[in-house]
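The values are calculated or read from the model by the stated rules, or taken from the named source; none is laboratory data. What you see is a predicted model; the values in this text were computed from it and never measured. For neighbour counting, all protein chains shown are included, and Cβ atoms are generated from backbone atoms with ideal geometry for every residue, glycine included.
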Amino acid sequence: MKKRTYQYNAGGYAVDPSGGFVSLKTEPTETLRHRKKLLQADLWRNRRIRPAQVQNGQRPAEELPEMEQAVVKVMKAIQRINTELNHRKGKE
């Protein structure tokens with residue numbers, strides 16, 4: 001079975017492979033929690049591993065601004081998922 005991947009635009013909104021907007025309201029709660037875990041792991045990698053690779057010379061220093069933008073994008077996506085999960089929790 002192919003591993004499912006999720007994509008997000010610069011605003012942290014979920015998008016499908018063609019770039020169309022995907023509403024988080026239609027996603028099951030378990031899927032949102034899974035997305036959140038994946039994003040948190042990616043956030044950890046962006047904050048810890050990648051800057052260390054630049055310092056060790058494994059990556060060019062020009063990638064630092066791109067990494068910072070990736071961190072912001074991931075944080076926005078996590079925030080949107082948290083907002084939707086909290087909204088659902090309020091309804092229950």
Would you point out the residue of region 14-32, among those that are within 22 Å of Val72 (Cβ to Cβ) and in contact (Cβ under 8 Å) with a residue 12 or more places away in the chain, that is farthest from the chain's Cα centre (by Cα)?
-> Leu24
Scan region 49-75 and report the pairs whose first residue is within 23 Å of Tyr13 (Cβ to Cβ) and whose second residue is at pLDDT below 85 and loosely packed, with under 14 Cβ neighbours inside 10 Å, with Cβ atoms within less than 7 Å and a gap of 6+ or a chain change.
-> Lys73/Ala10
Positions within region 1-50 being among the β-branched types (Val, Ile, Thr) and assigned to a helix (DSSP H, G or I), in sequence order | Thr26, Thr29, Thr31, Ile49
